[in-house]
1. Just name the residue that is farthest from PRO83 (Cα to Cα) out of those in the stretch 137-169 that are in contact with a strand residue (DSSP E or B) (Cβ under 7 Å, 6 or more places away or on another chain) and acidic (Asp, Glu).
2. For the list (1) under 17 Å from the mean Cα position of the chain (by Cα); (2) free of Cβ contacts under 8 Å to residues at least 60 places away in the same chain, I need the number of the one condition that GLY139 fails.
3. Which ones in the stretch 106-156 are at negative phi and polar (S, T, N, Q)?
4. Is it the case that LEU77 is farther than 13 Å from ASP152 by Cα and part of a strand (DSSP E or B)?
5. Could you please let me know if SER136 is in contact with an Asp or Glu (Cβ under 8 Å, 6 or more places away or on another chain), under 21 Å from ASP64 (Cα atoms) and of a type in the set (S, T, N, Q)?
6. With ASP99, ASP54 as the choices, which residue is closer than 27 Å to MET33 by Cα and surrounded by 13 or more Cβ atoms within 10 Å (Cβ to Cβ)?
7. Out of curiosity, is VAL63 under 16 Å from the mean Cα position of the chain (by Cα), part of a strand (DSSP E or B) and without any contact (Cβ under 8 Å) to a residue 40 or more places away in the chain?
8. Going through GLY142, GLY159, GLY115 one at a time, which residue ends up being crowded, with 22+ Cβ neighbours inside 10 Å, in contact with a Ser or Thr (Cβ under 9 Å, 6 or more places away or on another chain) and either closer than 17 Å to ASN88 by Cβ or not aromatic (Phe, Trp, Tyr) (or both)?
Amino acid sequence: MLTIRSVLMTAIGAAAVGMTIPAAAQKMLNTFMTLSIAAAQQAAQAALARCQKDGFTVAVAVVDRGGQPLVMLRDPLAGAHTPQTAINKAATAVSFRTDTTELAATTQPGKAASGIRQLPNIIAVGGGIVIRAKGSIVGGIGVSGAPGGDSDDACAKAGIAAINDAIELE
């Protein structure tokens, strides 16, 4: 049975001779940041408001750093496909650590990464943006329903802008 003293002594001895530290002495848990529900709601509401101001009927989804939905808002007139598309755009951005507009460009037919488009639930069109705080990915936002990925992107960016200062200061 390992005691704390024996693990420390083994680690010190291992370090002295250049060996690796046993698993029992290594850190076993990670700590990471992810969006709160309050931040997700604020971002989604700001993105939806921007799209409505521009005359677009959309759905907006915000996911955590693992791509799981935290918030989904849908204009009552938005298409039936828009909620799931918004969730998938946000999750795609987080999964590939890049905005979906950029992913769309790098996965065009004939390019080396074109097969990515065939993966389940991957949306390689504009409207999915990674949310970062203090240099780390903390979530993603996806917008679906505006007339084109650039308009979806503009609404998503408005959502991020609404929380950016607050999450950078946390």
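1. From the stretch 137-169, those in contact with a strand residue (DSSP E or B) (Cβ under 7 Å, 6 or more places away or on another chain) are 137-145, 152-153, 155-157, 159-160, 167-168; that's our starting set.
So of that shortlist, the ones also acidic (Asp, Glu) come out as 152-153, 168.
Working: ASP152: 13, ASP153: 16, GLU168: 28 Å.
Here the answer is GLU168.
2. In the conditions (1) under 17 Å from the mean Cα position of the chain (by Cα); (2) free of Cβ contacts under 8 Å to residues at least 60 places away in the same chain, GLY139 misses (2) alone.
3. THR106, THR107, GLN108, SER114, GLN118, SER136, SER144, SER151
4. no
5. On the way: in contact with an Asp or Glu (Cβ under 8 Å, 6 or more places away or on another chain): no; under 21 Å from ASP64 (Cα atoms): yes; of a type in the set (S, T, N, Q): yes.
Answer is no for this residue.
6. Among ASP99, ASP54, only ASP99 is closer than 27 Å to MET33 by Cα and surrounded by 13 or more Cβ atoms within 10 Å (Cβ to Cβ).
7. Working: under 16 Å from the mean Cα position of the chain (by Cα): yes; part of a strand (DSSP E or B): yes; without any contact (Cβ under 8 Å) to a residue 40 or more places away in the chain: no.
Answer is no for this residue.
8. On the way: GLY159 fails: in contact with a Ser or Thr (Cβ under 9 Å, 6 or more places away or on another chain); GLY115 fails: crowded, with 22+ Cβ neighbours inside 10 Å.
On inspection, the qualifying residue turns out to be GLY142.
The values are calculated or read from the model by the stated rules, or taken from the named source; none is laboratory data. Note that the structure is predicted; figures quoted are calculated from it, not measured. Note that we place each Cβ from the backbone using ideal geometry, even for glycine, and neighbour counts take in every protein chain shown.
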